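The values are calculated or read from the model by the stated rules, or taken from the named source; none is laboratory data. Keep in mind that what you see is a predicted model, and the values were worked out from it rather than measured. Reconstructed Cβ throughout: ideal geometry from the backbone, glycine too, with neighbour counts over all protein chains shown. Surface accessibility is based on the protein's heavy atoms, side chains included, excluding ligands, DNA and RNA. Shrake-Rupley method; radii C 1.70, N 1.55, O 1.52, S 1.80 Å.
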Amino acid sequence: ILHVGCGWVRFRDVVNADKYPAEGVDRVFDLTERWDAEDGEFDMVLAFHILEHIPINKVLNCLKEAARVLKRGGVLLIEVPDIKGVFEEYLKGNIGMLECVYGHDRYTGDQHRWGYTGPDLVALLHSAGFDRTVVGPGKCYHTVQLPTLRVEAVTYGASSWAASIFLDSSYIT
């Protein structure tokens, strides 16, 4: 298992990767460039609350790298703030949701660069070579509970087959 953008959260018995070297970081590389991993090296890639920090013009390359380093049938697990849910909460009067729109700004790179909906992520993942995606509610790890999406994507190498399952019907338009 490869845990990308690990930041301060390091898991045991996985390869923790981040842009900056630190204790417990096993591999150091920029997610927007070629990853320090072999083709098909991993069964799973974990990307928890990192895509929103990457400029949108670099996200597709990041997702293609995830597909490259996964074994056939490997799973990419993504969690990101649900921008649709964030704006719905904001429009109900919860001004704290603006923190999600812009990021927490605790350190360089903590700003949010983009917001995602389920259909946005599905389209990006399919463009990156993933064949199957499942979208549902995710977990927020901040004090202020933000609406969050969890996406599981699998690549089988069968470009003719693409199916998306939305666990929450509010994402179906």
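Sorted by accessible area with a 1.4 angstrom probe, largest first, how do Glu38, Glu89, Glu79 fall? Please report the intermediate quantities before stating the final value.
Numbers: Glu38 130, Glu89 60, Glu79 0 Å².
I get Glu38, Glu89, Glu79, largest accessible area first.
Semi-axes, largest first, in whole Å: what does sqrt of 5 times each Cα gyration tensor eigenvalue give for segment 4-71? Present the calculation step by step, with values, prior to reporting the outcome.
Details: eigenvalues 60, 46, 21 Å².
Equivalent-ellipsoid dimensions as semi-axes: 17, 15, 10 Å.
What is the distance in Å between the Cα centres of segment 23-66 and segment 72-91?
Here the answer is 17 Å between Cα centres.
Where only protein heavy atoms count, and the probe is 1.4 Å, what is the accessible area per residue for segment 1-86 in Å²?
Working: 4150 Å² over 86 residues.
That works out to 48 Å² per residue.
Please give the solvent-accessible surface of Tyr90 in Å², to the nearest 10, using a probe radius of 1.4 Å with every protein chain present.
80 Å²
How large is the accessible surface of Leu125 in square angstrom, using a 1.4 angstrom probe and rounding to the nearest 10?
Per-residue accessible area (Leu125): approximately 0 Å².
Could you sort Asp82, Asp30 by their accessible area in this structure, using a 1.4 Å probe and putting the largest first? Walk me through the numbers on the way to the answer.
Values: Asp82 10, Asp30 40 Å².
Sorted by accessible area, descending: Asp30, Asp82.
For segment 4-146, build the convex hull from the C-alpha positions and give me its volume per residue in Å³. Let's see the in-between values first.
Details: hull volume 16.3 nm³, N = 143.
Per residue, the Cα convex hull of segment 4-146 comes to 114 Å³.
Which lysines does Lys19 reach when only Cα atoms under 18 Å apart count, and residues fewer than 8 places away in its own chain are ignored?
Here the lysines satisfying the reach criterion relative to Lys19 are Lys58, Lys64.
Given a Förster radius of 35 Å and the C-beta distance between Leu91 and Glu38 as r, what FRET efficiency does 1/(1 + (r/R0)^6) yield to the nearest 0.05?
Details: r = 46 Å, r/R0 = 1.32.
In this case the efficiency is close to 0.15.
Restricting to the chain, what percent of DSSP beta bridges are antiparallel, rounded to 5? Provide the component values of the computation, followed by the final result.
Numbers: 14 of 31 bridges.
If we restrict to bridges inside the chain, about 45 percent are antiparallel.
Would you list, by chain and number, the lysines whose Cα falls below 17 Å from the Cα of Lys139, excluding same-chain residues fewer than 8 positions away?
Straight-line reach from Lys139, under 17 Å: Lys84.
Could you run the Karplus curve 6.51 cos²θ - 1.76 cosθ + 1.60 with θ = phi - 60° over segment 75-81 and give me ³J(HN,Hα) per residue in whole Hz, x for Gly and Pro?
Per residue, the Karplus-derived 3J(HN,Hα) values read 10, 9, 10, 10, 10, 9, x Hz.
Output the relative contact order of the chain, whole-number percent, from Cα pairs under 8 angstrom with separation of 6+ residues.
Numbers: 353 pairs, mean separation 33.8, N = 173.
Rounded, it is 20 percent for the chain.
Can you tell me how much longer the chain between Gln111 and Tyr156 gets when fully stretched, taken as 0.36 nm per residue apart minus their C-alpha distance, in nm with one decimal? Spell out each step's value before the answer.
Numbers: separation 45, 0.36 × 45 = 16.20 nm, distance 3.37 nm.
So the extension gain works out to 12.8 nm.
For n ≥ 4 DSSP H runs only, could you compute -39500 (n - 2.57) per run for the chain, divide by its residues and tell me the 222 nm figure to the nearest 500?
Numbers: 4 runs with 38 residues, N = 173.
Helix contribution divided over all residues of the chain: -6500 deg cm²/dmol.
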